[in-house]
Amino acid sequence: MSQALYQDRIVALAKAKLGAGKLANPTAIGERDNPLCGDRVRMEIALGPDGRIAELAHKVRGCALCEASASALSARAVGRDAAGIATLRAEMDGVITGTSDGEGDFAAFAPLRDHKSRRDCVTLPFEALRAALAG
Amino acid sequence: MSFDVAALRGQFPILGTLVHGLPLHYLDNGASAQTPRAVIDAVVSYETTARANAHRGVHALAEAATDLYEGARADVAAFLGGVPVEEIVFTGGCTAAINLVAHGLGASLKAGDEIVVSELEHHSNIVPWHMLAERAGATLRWLPVTDDGRIDVTALGTMVSARTRVIALAHVSNVTGAVLDVAAVVAAAKAVGAKVLLDGAQRAPHGPLDVAALGVDFYVLAGHKAYGPNGIGILWGRATELDRLPPFMGGGSMIGRVEKGRITYAPSPRRFEAGTPPIGPAVGLGAACRWMSGLDWDAIHDHEMGLVQRLLDGLPDIPGCRLVGPAGLQGRFPVVSLTLDSVHPHDTAQILDSFGVAVRAGHHCAQPLMDRFDIAGTTRISLAPYNDSGDIDAALLGLREAVRRFA
């Protein structure tokens, strides 16, 4: 079972750490903890005048699924506003609950439909980004 | 008596379970131990032949339920060293027991008083005291933890003072397995008149105790970690200490008399057992104590420590593996925490699960200890008498696969 969960694409995304780092001048920061496991994600964003994300950087203290999710989210977040990020969240929710397949790297998270206890690992970066967008 | 691990395993129906088509290797005993047939049978017997409320009815089933409930209290008292049954309080669990004491002692705390805990406590032995300190204006003092995961009792001299009212510590760490130097703590407490509470959640599953001889004032344990049911725990307190504590929860059974303008309370233990008690779980815990009391714990200790040694011997072959806790067998119980440099503990536990190996991963409700070691969490392997060398070898195999997968 874990072979499917930790398929090559997930491991590669986790190691890639796309978007990891800090912004020189973030306009908003969001941080969320998972109190059950202690994992933590910090999202820094710079918003353009149109309210869309111009830059994003994150710091993850979490498992491979959380790292991979932060990478996958970072790759698609720039250029989107809060509504666009909500759309991405809905897409990921659909993938990990088995109601949709998802696009691109999001599809790699499909095995989460058999691991309910790990879904919060995937959604934590989304929660942190939502907190940042909420100001 | 001799110890036959195969025969012991035969007493635990769940150990025959297949996980992902593989044999179960249950190494999460620190979270919840498994239950032997003797306990299951005792609970089923109560539920099928004596189910009624205790201490209330005069009919036959009520008499039987009361006898079973109070018999369980006697079994627990015997397990804890033959203490008086009046000193045994059934609670909802270890957490409930600590909250009961914190609430009770809180009535006499005042601003400026101090409560001593340690950096390795489970949250259940931190949060109730933190809440009490906030209510009373008292201060929490934190005993530090050594690099090998022990409570540093050499700091008692600076942490314990005339302001100390309570010292609340884990008898055995739920993360590192280190056992507390109880004598040092009791000596420091007696010198200033402070009360001592020990959290015995991780100690009780490894054999009978003599809590009175420890010299402490309160001792708590959890039923589900000691081969009993969920939803039941024990507070032992010296009669002189329990008699001083006010009630915790109010309700039926815990009263002397209720009038419109005046209520008197029952003596211990009834004063602390408001409402209908968890009779079935108490009966199960009593059976667990009888079951434990019938085992050869010298032989089991040798068996458990042999398994810990087998595990410790295998860890150096796993790249990036670091032990969080004592490196040897001295002064420890069979709870072993580790980290892998390249793998998060939850990923480690997930991969171990695919080998049929059940472990706990994360902060173990001990976040101050994680901060002490600057780690997010650990993977914890915690043993029980029914574990065998096959369990350890499966865990080592899974750990190697976790490293390989994320290399």
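Some points to look at:
- The set of residues from the stretch B:270-329 being within 30 Å of B:E63 (Cα to Cα) and of a type in the set (K, R) comprises B:R270, B:R271, B:R290.
- Restricting the search to helices (runs of 4 or more DSSP H) fully inside the stretch B:174-266 and requiring at least 1 residues that are free of Cβ contacts under 8 Å to residues at least 12 places away in the same chain, within 14 Å of the chain's Cα centre (by Cα) and not assigned by TED's automatic domain parsing to the domain that holds B:N125 gives an empty result.
- Which listed residue, of B:R404, B:R372, B:R380, B:R400, is under 30 Å from B:R37 (Cα atoms), more than 10 Å from chain A (Cβ to nearest Cβ) and not small (G, A, S): B:R380
- Test: residue in the stretch B:310-323 that is free of Cβ contacts under 8 Å to residues at least 40 places away in the same chain, under 30 Å from B:I375 (Cα atoms) and under 20 Å from the mean Cα position of the chain (by Cα): no
- Consider the stretch A:43-86 and keep the residues that are within 14 Å of chain B (Cβ to nearest Cβ) and in contact (Cβ under 8 Å) with a residue 60 or more places away in the chain. The one that is surrounded by the fewest Cβ atoms within 10 Å (Cβ to Cβ) is A:V60.
- Across the stretch A:7-14, not a single residue is classified as among the basic types (K, R), in a loop (DSSP other than H, G, I, E, B), surrounded by 14 or more Cβ atoms within 10 Å (Cβ to Cβ) and within 14 Å of another protein chain (Cβ to nearest Cβ).
- Test: residue in the stretch B:95-116 that is part of a loop (DSSP other than H, G, I, E, B) and crowded, with 24+ Cβ neighbours inside 10 Å: no
- In summary, B:A162 fulfils each of the numbered conditions (1) assigned to a loop (DSSP other than H, G, I, E, B); (2) under 24 Å from B:Q202 (Cα atoms) with the single exception of condition (2).
- Selection count where residues are assigned to a helix (DSSP H, G or I) and surrounded by fewer than 20 Cβ atoms within 10 Å (Cβ to Cβ), scope the stretch A:89-110: 9
- The residues of the stretch B:320-342 that are touching a Cys at 6+ places or on another chain (Cβ under 9 Å) and within 12 Å of chain A (Cβ to nearest Cβ) amount to a single one, B:L340.
The values are calculated or read from the model by the stated rules, or taken from the named source; none is laboratory data. Because the structure is predicted, anything quoted here is derived from the model rather than measured. Reconstructed Cβ throughout: ideal geometry from the backbone, glycine too, with neighbour counts over all protein chains shown.
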